1. Please flag any cysteine in the chain that has no other cysteine's Cβ under 4.7 angstrom from its own Cβ.
2. Could you size up the charge dipole of the chain around its Cα centre, putting +1 on the beta carbon of Lys and Arg and -1 on that of Asp and Glu, and report it in debye to the nearest 20?
3. Rounded, prolate or oblate: which fits the chain, taking a ≥ b ≥ c as square roots of the Cα gyration tensor eigenvalues, rounded meaning a/c under 1.5, else prolate when a/b beats b/c?
4. Shape call for the stretch 74-158 from the C-alpha gyration tensor, a ≥ b ≥ c root eigenvalues: rounded (a/c under 1.5), prolate (a/b greater than b/c) or oblate?
5. Based on the alpha-carbon gyration tensor of the stretch 10-121 and its eigenvalue square roots a ≥ b ≥ c, which shape applies: rounded if a/c is under 1.5, prolate if not and a/b is larger than b/c, or oblate?
6. In deg cm²/dmol, rounded to 500, what helix-only [θ] at 222 nm does the chain give when every DSSP H run of at least 4 residues adds -39500 (n - 2.57) and the total is split over its residues?
7. Would you please give the residues with an amide H less than 5 Å from that of CYS176, counting only those at least 5 places away or on a separate chain, with H modeled from the backbone geometry?
8. Here is the link list: LYS44/LYS77; LYS24/LYS123; LYS44/LYS153; LYS78/LYS161; LYS74/LYS145. Which ones come out longer than 26 Å on Cα distance?
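The numbers here are math on the coordinates, done by the rules we state, and not lab data. What you see is a predicted model; the values in this text were computed from it and never measured. Cβ sites come from the backbone with ideal geometry, for glycine too, and all protein chains shown count toward neighbours.
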Amino acid sequence: MLVQEITEVTPEEYLALERESEIKSEYFAGEIFAMAGASREHNKISTNIVRVLGNQLLEKPCSIFASDMKVKIKEIKKYTYPDIVVVCGNEEYDDEHNDILINPILIIEILSDATEAYDRGDKFSHYQFISTFSEYILVSQYCRKVEKFLRQKDDTWIYVKYENPEDVINIISINCYLSLYDIYREVNCSHRKIPGH
């Protein structure tokens with residue numbers, strides 16, 4: 001049996017392909033990973049969060065981006081698309097295209113069955129290489145549950161879970177507040193894919 005040799009893609013080759021492609025892909029360790037499309041619930045949650053936080057950030061030196069802004073993790077040469085990313089102060093980019101952010105302070109991921117283990121595991125571990133990254137928020141699209149990780153000076157993380165409809169999340173890194181009511185406005189949290197159906 002012939003063994004096919006796998007050719008690694010360079011970061012430069014990935015970026016050239018990605019900027020011409022209509023499909024978003026992430027890059028790590030010489031491999032390109034295509035991203036799946038998002039559900040209605042995912043999109044609605046993202047829109048709700050961007051609207052509420054965007055309004056609070058209007059008078060602050062911060063910018064919020066949703067889904068189309070790449071983040072580069074320089075230490076491991078990884079390129080990824082967070083669902084929502086916030087940067088405060090000067091926006092630092094990898095090159096002149098201004099489409100690869102390298103200094104996010106807050107990252108929010110909206111969990112799905114396909115991405116939850118990755119978002120909690122390797123992706124979170126990889127984000128921690130970014131020195132400016134200080135707060136990580138995971139939002140379930142299937143039930144009203146939000147989890148927050150806040151980085152401490154010794155690089156440990158404090159974990160807080162929010163599940164009550166009246167809960168309000170204090171996002172310390174950007175001095176903003178986000179209620180579960182606002183996150184899940186017009187979201188059908190009972191919708192979930194059942195394996196095999």
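1. CYS143, CYS176, CYS189, each lacking another Cys Cβ under 4.7 Å.
2. On the way: 22 positive and 34 negative charges, 171 e Å.
Charge dipole of the chain: 820 debye, to the nearest 20.
3. On the way: a/c = 1.75, a/b = 1.28, b/c = 1.37.
Taking the square roots of the gyration eigenvalues as a ≥ b ≥ c, the chain is oblate.
4. Working: a/c = 1.76, a/b = 1.41, b/c = 1.25.
In terms of gyration-tensor shape, prolate.
5. oblate
6. On the way: 5 runs with 40 residues, N = 197.
Rounded to the nearest 500, it is -5500 deg cm²/dmol.
7. So CYS176 has HN proximity to ILE171.
8. Details: LYS44/LYS77 31 Å; LYS24/LYS123 17 Å; LYS44/LYS153 34 Å; LYS78/LYS161 28 Å; LYS74/LYS145 31 Å.
Beyond 26 Å: LYS44/LYS77; LYS44/LYS153; LYS78/LYS161; LYS74/LYS145.
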